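Data first, discussion second: the structure below is written as structure tokens.
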């Protein structure tokens, strides 16, 4: 444990308590403020004509008929908006060699994926805008499309950006130790598998959307935006619409789910802002579900050929793999689409002591929806590669998969240290997490149940994963590469005259409970009741400057800033109180909304103090200039990232006649450092696990040979629903990070990062007695049956 | 020209008369014409359940019913449930269990849960899961929702 | 399935008409030259309109037609009005007693909020190949009562499903009611549906009715329409071991799509049939 323990142990400490969220009641009573709830005077509505082709030259656009449709206010083509919006390119300098082409909000001469916006229609209602879209005539000359990442680099693949000479966007190689020598060592056995990870997407229940309001009198653009990074979007709107940053206000009120989907530059949203500026009136664009499926960023879509070497005694000598991923026709701006592959190269095998490690990643262009950072970027792939091979190796050498892990996990007392790929690691607890996991799941009993079930012809399996999660990124993640993305966050704490705190933060709320934990930290550290803290987030005009909520950074970075700010305000208040009470600050404390003696005896209320300062300053010495507001900013300085760790397990039952997989139960032990609100963290883990199960069993964007997405409806794209999901048992180990006083690491992505590997392993454990195995996600009934057929010969 | 229909209905206890486009669905009418933005639009093809609300005492999809079809009906949205105290126990249980994160599915989930509770549903977890399986939640993983509904049923019994 | 041309999630414009009588409704349909569509529960039609794959000039809402309501039993037959909603079927003790298959199938049909609006006549008329009720109609040997400009006619369910969403109903006809034979004490029924998620359309489903006349077996979710296989039924009549009958499944032109190939569907259909037979009412 680090940091002054009194912060975490005093009355009103709140940190560590499962306090209900203050904003739950509002959302439960239908009083949320989502972007589609915003309605402004003179507001008009945008709809887009989108490319029906994966790859086509746009030869003519005729908007004559559409312009005369009822309610139409304006129609813009790509060429129209190109005069007002500068193009953007999704590259970062620290991802050496990454290339992408300039993107415009609407396609210019060539459309490069099905769903790419081509023409924007603005009308007095969304329905009328859609009516007019049907009358926009676009002539396309279809071009050969590159769809399959595996053929994108072949010599005869159609080039998406001919100027590059190939469809390669980025390539990276990591090489540590000597993998060839390690694998050639006598006694070393090799397992080799080809993993396929389906392309899936976030399916936020609230689709993307924005209301853009331009006031020409002040050249001021207000953007109501369903998203995760208001300050980043402020810079992007400024840069590409030609407005000063200070003339743009980005407001994210309630956000109906994001998961990394709502943190990118989407042409339809930029076009909406441009239209508001051109029309000098508010424009609303809310993506419908079709548009979400074909334009929200997709994720995964990796093919990985991987090998692991292991000795008979159970020492893993190394991992060697080759990852190929398709990212759509551009690298997404501004975070780029190389990050997921980069994470796979960085994170594979990170829980284990590996002397030898070789990895190659290639990122290729294709004519599908853009791929970018979705929850647990790269993690499900990295964890499935290593732990999938590990359990395969355990079967090969006849060792229990838990035993094999315990022989190879980094020792809990061995930190700080580095992973084979060079990641700096500290404060991790893999061994303790795995031991705790086997206890809470009652591993031995489950194995006995499995054996008994097999006698009845019932195929149950148990699968594990030991994992890391990247959280709390430092400037090394994006800022170093030139992205306008803050890695630091700020917090302001203000004592109001009534004795309440008003706090604000640059991290944002998308349902995780950001506002709740900020209030808990402020109340606990400063010393007031939780219900006397009001929180503001999600507004570039009223919050400190910072990065927002992504990469599981909110609690760790924004939370630490809040802790520091609350502590600073407390120090300031005690200085004033000491003068008023004729003592010294070290003899005073703040508890339960009062200035007290250290033992808690009340000396004066905070309201008395604040009212004196604000209303009757004449009672104070003239040289005392009280500041009842404090702001602090925080960034991670010692490490590129902070890592959390966890161990998870799934129990599944495979119906070998239908190929259906039922998840019977799931267990997760997570070490996210100090837990601020266990209830919120547990629900983050559970929700993350269910998203991971979605990727493992259900979710996949299917494309026709021509590049049409075939299942772009909620009926056809399968997300996890309540009936099929298991109960999920969550437990914690708390190893606070030494990088902050708060000691919190992130928790939001672990479930999604780890669950797919655990499910994969459980399915393969169930199939093992039949000699079958499956290495492709989602593990659909058909794929399970195919695997069984292959085993049966 | 947009074709319209005159409707006369009761929404959250208030009598409403309006002329609406024939094609306007009920949830868009409630949100855009009446400002009852508590009902959410998630897919507009009847799958996600975000727009689930109560018409003549039963749960329906607000996106699969025309405003015109609601002529003569009694409609209750999440705002009405809250104001009339019809879902207080469930709302308290959802808060206590953190059975919501982003809140976008919540009004629809609440309407479905209320239908289950009011129909005398038991605290059988599988039955609860089956009942709410038409309401998509991307955030919670559903377990807390199941717990909240269980709690509500158990507490009503005691 | 749908080519994305533009924002397509608001229905195109149409007239909304709400006739008070069956005759008036048929007259409206007949005068529209096939451009108008009847609106029953709307649970499938509304999405199709929102996707703009259906764009009728008018919707004829059947909600006020008393002729399409009601459940009545007439000796060995039960008549269910076309506008009877799934929830009303489930709540009807008469239906549950007379038609045990309804009790087995209804929980699989979508979800509560859909069952509160969706109607029996609507699903029978739509003929979604993956829907449960058309297959039940086949397995039970139901008769479909249609009303049109020239009066009413009754057609066997066996004659009703002609192709992919194609039925014997003329555009100016309405389904008034569906007539089912009431289960006798020696009748046995089986139902099994394979879906990855509760309430989804079936990857494959089988419905079995066994009477003194033998087996009637209907499949759904497997081909372009719900269907029976007389040869398979005959085989089951002569040999109760399902394994010996499964080869008849290859007569079906199985659907292949992103959820399952034709070969997988055939396999799942065999499982559904096997499990339907294993789970027959006692």
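The values are calculated or read from the model by the stated rules, or taken from the named source; none is laboratory data. Just so we're clear, the structure is a prediction, and the values are computed from it rather than from any experiment. Ideal geometry is used to build each Cβ from the backbone, glycine not excepted, and the neighbour counts take in all protein chains shown.
Annotations for the structure displayed:
- Of residues in segment A:27-43 being facing chain B (nearest Cβ under 9 Å) and assigned to a helix (DSSP H, G or I), the one surrounded by the most Cβ atoms within 10 Å (Cβ to Cβ): A:27
- Within segment C:50-85, the set of residues being within 11 Å of chain B (Cβ to nearest Cβ) and in a helix (DSSP H, G or I) comprises C:50 only.
- Exactly one residue among A:182, A:169, A:107, A:101 is in a loop (DSSP other than H, G, I, E, B), more than 30 Å from residue A:282 (Cβ to Cβ) and modelled with pLDDT of 95 or more, and that residue is A:101.
- Set side by side, the residues A:716, A:727 differ, and just one is more than 22 Å from the chain's Cα centre (by Cα), surrounded by fewer than 23 Cβ atoms within 10 Å (Cβ to Cβ) and under 30 Å from residue A:50 (Cα atoms), which is A:716.
- Extreme residue, nearest to the other protein chains (Cβ to nearest Cβ), among residues of segment C:31-49 that are touching a strand residue (DSSP E or B) at 6+ places or on another chain (Cβ under 8 Å) and not in a loop (DSSP other than H, G, I, E, B): C:46
- Residue under evaluation residue C:29, criteria (1) under 30 Å from residue A:127 (Cα atoms); (2) out of contact with any helix residue (DSSP H, G or I) (no Cβ under 8 Å at 6 or more places or on another chain); (3) at pLDDT below 95, criterion not met: (3)
- Residue among A:46, A:60 that is surrounded by fewer than 23 Cβ atoms within 10 Å (Cβ to Cβ) and more than 14 Å from chain B (Cβ to nearest Cβ): A:60
- Filter pass, residue B:147 being crowded, with 17+ Cβ neighbours inside 10 Å and more than 13 Å from chain C (Cβ to nearest Cβ): yes
- On the stretch given as segment A:638-660, residues that are more than 27 Å from residue A:352 (Cβ to Cβ) and crowded, with 24+ Cβ neighbours inside 10 Å total 2.
- Looking across segment B:7-30, the residues that are without any contact (Cβ under 8 Å) to a residue 60 or more places away in the chain and either away from every other protein chain (no Cβ under 13 Å) or surrounded by fewer than 22 Cβ atoms within 10 Å (Cβ to Cβ) (or both) come down to B:14, B:15, B:16, B:17, B:18, B:19, B:22.
- Residue A:127 being over 30 Å from the mean Cα position of the chain (by Cα), surrounded by 22 or more Cβ atoms within 10 Å (Cβ to Cβ), under 30 Å from residue B:24 (Cα atoms) and free of Cβ contacts under 8 Å to residues at least 60 places away in the same chain: yes
- Candidate set from segment A:238-281 (those that are touching a helix residue (DSSP H, G or I) at 6+ places or on another chain (Cβ under 6 Å) and in a loop (DSSP other than H, G, I, E, B)); member that is farthest from the other protein chains (Cβ to nearest Cβ): A:265
- Selection within segment B:86-114 - in a helix (DSSP H, G or I) and more than 7 Å from every other protein chain (Cβ to nearest Cβ): B:88, B:89, B:90, B:92, B:93, B:97, B:108, B:109, B:111, B:113, B:114
- Elements of type helices (runs of 4 or more DSSP H) in segment A:329-434, at least 3 residues being crowded, with 24+ Cβ neighbours inside 10 Å: A:339-347, A:379-397
- Scan of segment A:511-533 for residues that are farther than 21 Å from residue A:681 by Cα and surrounded by fewer than 24 Cβ atoms within 10 Å (Cβ to Cβ), ordered by number: A:529, A:532
- Enumeration of residues in segment A:779-793 that are at the interface with chain C (Cβ under 10 Å from one of its Cβ atoms) and not in a helix (DSSP H, G or I): A:780
- Members of segment A:76-107 found to be crowded, with 18+ Cβ neighbours inside 10 Å and free of Cβ contacts under 8 Å to residues at least 40 places away in the same chain, listed by number: A:80
- Counted as qualifying within segment C:159-261 are the strands (runs of 3 or more DSSP E) with 3 or more residues that are within 14 Å of chain A (Cβ to nearest Cβ), under 26 Å from residue A:711 (Cβ atoms) and in contact with a helix residue (DSSP H, G or I) (Cβ under 9 Å, 6 or more places away or on another chain), namely C:188-194, C:204-211.
- In this structure, residue A:214 does not qualify as assigned by TED's automatic domain parsing to the domain that holds residue A:48 and part of a helix (DSSP H, G or I).
- Test: residue A:203 is at pLDDT 95 or above, farther than 30 Å from residue A:356 by Cα, crowded, with 16+ Cβ neighbours inside 10 Å and within 14 Å of another protein chain (Cβ to nearest Cβ): yes
- All positions within segment A:727-738 that are more than 24 Å from residue A:694 (Cα to Cα) and either out of contact with any helix residue (DSSP H, G or I) (no Cβ under 8 Å at 6 or more places or on another chain) or within 14 Å of chain B (Cβ to nearest Cβ) (or both): A:734, A:735, A:736, A:738
- On the stretch given as segment A:703-726, residues that are free of Cβ contacts under 8 Å to residues at least 24 places away in the same chain, more than 7 Å from chain B (Cβ to nearest Cβ) and over 18 Å from residue B:45 (Cβ atoms) total 1.
- Boolean, residue A:168 is closer than 30 Å to residue A:319 by Cβ and in contact with a helix residue (DSSP H, G or I) (Cβ under 8 Å, 6 or more places away or on another chain): no
- Single condition residue B:130 does not satisfy, out of (1) within 14 Å of chain C (Cβ to nearest Cβ); (2) more than 26 Å from residue C:43 (Cα to Cα); (3) free of Cβ contacts under 8 Å to residues at least 12 places away in the same chain: (2)
- From the options A:753, A:743, A:748, A:771, residue that is on the phi > 0 side of the Ramachandran plot, in the same structural domain as residue A:657 (by TED's automatic domain parsing) and touching a helix residue (DSSP H, G or I) at 6+ places or on another chain (Cβ under 6 Å): A:771
- Checked against the criterion of being touching a strand residue (DSSP E or B) at 6+ places or on another chain (Cβ under 6 Å), within 14 Å of chain C (Cβ to nearest Cβ) and either under 30 Å from residue B:3 (Cβ atoms) or surrounded by fewer than 24 Cβ atoms within 10 Å (Cβ to Cβ) (or both), the candidates A:110, A:121, A:73 yield just one match: A:121.
- Residues in segment A:249-266 that are crowded, with 23+ Cβ neighbours inside 10 Å and at negative phi: A:250, A:252, A:255, A:256, A:258, A:261, A:262, A:263, A:264, A:266.
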